[in-house]
1. Mind putting a number on the dipole of region B:69-220 about its Cα centre? Charges go on the C-beta only, +1 for Lys and Arg and -1 for Asp and Glu, and I need it in Debye to the nearest 20.
2. How much net charge surrounds A:SER23 when only other residues with a Cβ under 10 Å from its Cβ are counted (Lys, Arg +1; Asp, Glu -1)?
3. Over region A:10-121, how many pairs of lysines fall under 20 Å by alpha carbon, counting only those 8 or more apart in sequence or from different chains?
4. How big is the dipole moment of chain A about its Cα centre under a simple scheme where the beta carbon of each Lys and Arg is +1, that of each Asp and Glu is -1, and everything else is neutral? Debye, nearest 20, please.
5. With all pairs of different alpha carbon atoms counted, what Kirkwood hydrodynamic radius in Å does region B:5-219 show?
6. I want the antiparallel fraction of DSSP beta bridges within chain B, as a percent rounded to 5.
7. Mind ranking B:36-43, B:112-119 by how tightly packed they are, going by the mean number of other C-beta atoms within 10 angstrom, highest first?
8. Take B:TYR152, B:TYR85 and order them by how many other Cβ atoms sit within 10 Å, fewest up front.
Amino acid sequence: MTNGVDKQISLESASAYFHNGMSLMIGGFGGVGAPPTLVNLILEKDIKDIFLISNDTGFPWIGPGKLITEKRVKKLIASHIGSNPEAGKQMQEGSLKVEFVPQGTLAEKIRAGGMGLGGILVDVGLGTVVGANKDKVTVGNKEYMIEPALTADVALVYAKKADRYGNLIYDKSARNTNPLVATAGQITIAEVEEIVPVGSLDPEEIVTPGVFVDYIIQSKGVDWKWVWELKQGTGSQEGQPSK
Amino acid sequence: MGLGIETRHRIARRAALEIKKGMIVNLGIGIPTLVADYIEQDLHIMLHTENGILGMGGSPQPGTEDGNLSNAGGYPVSIQPGASYFDSATAFGIIRKGLLDVTILGALEVSERGDIANWIVPGKRVPGMGGAIDLAQKAKKVIILMNHTDKYGNPKIVSNCSLPLTVREGADMIITEKAVFHCEEGKLYLREIMSPYTVEDVIQTTGASIVVDEQISVFQ
């Protein structure tokens with residue numbers, strides 16, 4: 001669904017697409033490129049029992065990590081949770097079910113979902129626990145695992161710039177999984193630093209075509225301290241900031 | 001980690017010798033990150049990161065960091081001339097297609113055949129594999145940098161890994177504070193030791209069969 005050529009909506013309108021138990025993809029890598037305003041919106045609206053698909057769980061106070069810390073996630077597909085001890089703790093306690101996928105395979109499963117494919121053939125992890133209990137197929141004398149594509153009810157991304165049609169441009173290494181996640185949601189909402197008129201972006205520089213993006217919201221910006229800022233400022237190894 | 005800063009840097013300095021002109025290189029977290037300090041500028045290396053940079057540079061000056069320009073560990077970096085940004089699927093396409101000349105990783109255990117275990121200690125530490133399996137399985141050359149023994153003094157180089165594997169027969173080299181090993185045709189070759197250790201030290205603290213060369217060089 002699109003709402004004409006102006007896809008910008010209010011936070012209140014965006015929150016109508018969230019529901020308890022939703023499958024949710026969030027762009028970002030270690031919290032870099034994760035959408036801060038939309039993550040906060042999920043917390044404010046008390047959405048829970050989320051099935052989260054994300055490259056990682058950020059840090060406990062950064063990006064999708066906040067959803068873990070606030071115990072909003074019951075199931076997770078990710079490549080890594082090492083920078084979020086809270087995720088590890090919930091996994092050990094059994095309150096968070098975690099499925100690990102090698103990072104490149106996870107990215108490609110999301111891309112496949114967004115591109116309308118059923119899955120991918122991949123050999124990364126064959127011969128390890130990753131390859132156990134996977135369907136396999138031989139193509140050209142090589143064995144591959146069949147990895148089903150991933151999609152989600154809602155996909156949330158962060159972009160530097162959007163026009164009102166939802167064409168997106170990302171920011172340096174904050175691009176990461178965002179262009180993939182943007183394509184793989186039933187509903188995709190992009191949180192954007194700067195919203196510009198249709199026609200003002202060079203079509204050559206657009207990374208995600210607006211056809212994949214249902215709605216855009218204005219970002220309120222990052223509201224967390226990065227780990228390196230904490231270390232620089234205080235010499236502390238952790239020092240989780242108050243909210 | 002248990003290794004002093006000087007020792008960690010010596011391991012990194014030795015690893016940097018494996019990096020040749022024009023190579024595409026991915027450095028893992030920990031000691032591997034330090035290798036960047038020892039790569040000569042005129043080699044025109046392109047550093048690759050899993051989060052989507054080819055041509056990563058060093059740390060920016062304090063005060064000029066950009067939260068949206070970081071390495072895979074989330075720390076601020078800069079870029080080199082010729083750098084590019086791309087999404088995660090492309091970052092791993094570069095790895096999976098075999099375009100990485102070298103990846104330098106840490107490990108929990110390495111077997112004498114080059115099996116690597118580096119992402120899970122079942123029931124204790126389960127951080128997830130991140131990009132380790134992609135890297136260890138697909139880079140042209142896999143160099144492991146690690147402590148020779150664990151914190152209890154047990155060998156980390158073993159006949160068979162006890163931990164779940166990251167990759168079978170993936171390691172090409174292992175560099176520890178005591179020695180440099182080459183994994184070739186399913187065997188572990190010792191041709192070089194790190195000062196001030198002796199071949200005897202190395203044999204006694206390694207839990208695997210080693211083929212010891214007649215000519216042993218010493219890395220200072």
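1. 540 debye
2. Net charge in that neighbourhood comes out at 0.
3. Value for region A:10-121: 23.
4. In debye, rounded to 20, chain A gives about 480.
5. That comes to 17.7 Å for region B:5-219.
6. 50 percent
7. Packing proxy ranking, top to bottom: B:112-119, B:36-43.
8. Ordered from fewest to most neighbouring Cβ atoms within 10 Å, B:TYR152, B:TYR85 come out as B:TYR152, B:TYR85.
Computed from the coordinates by the stated procedures, all read-outs in this text should not be read as laboratory data. Quantities reported herein were computed from a predicted structural model and do not represent experimental measurements. As a convention, Cβ positions derive from the backbone with ideal geometry for all residues, glycine included, and neighbour counts pool all protein chains shown.
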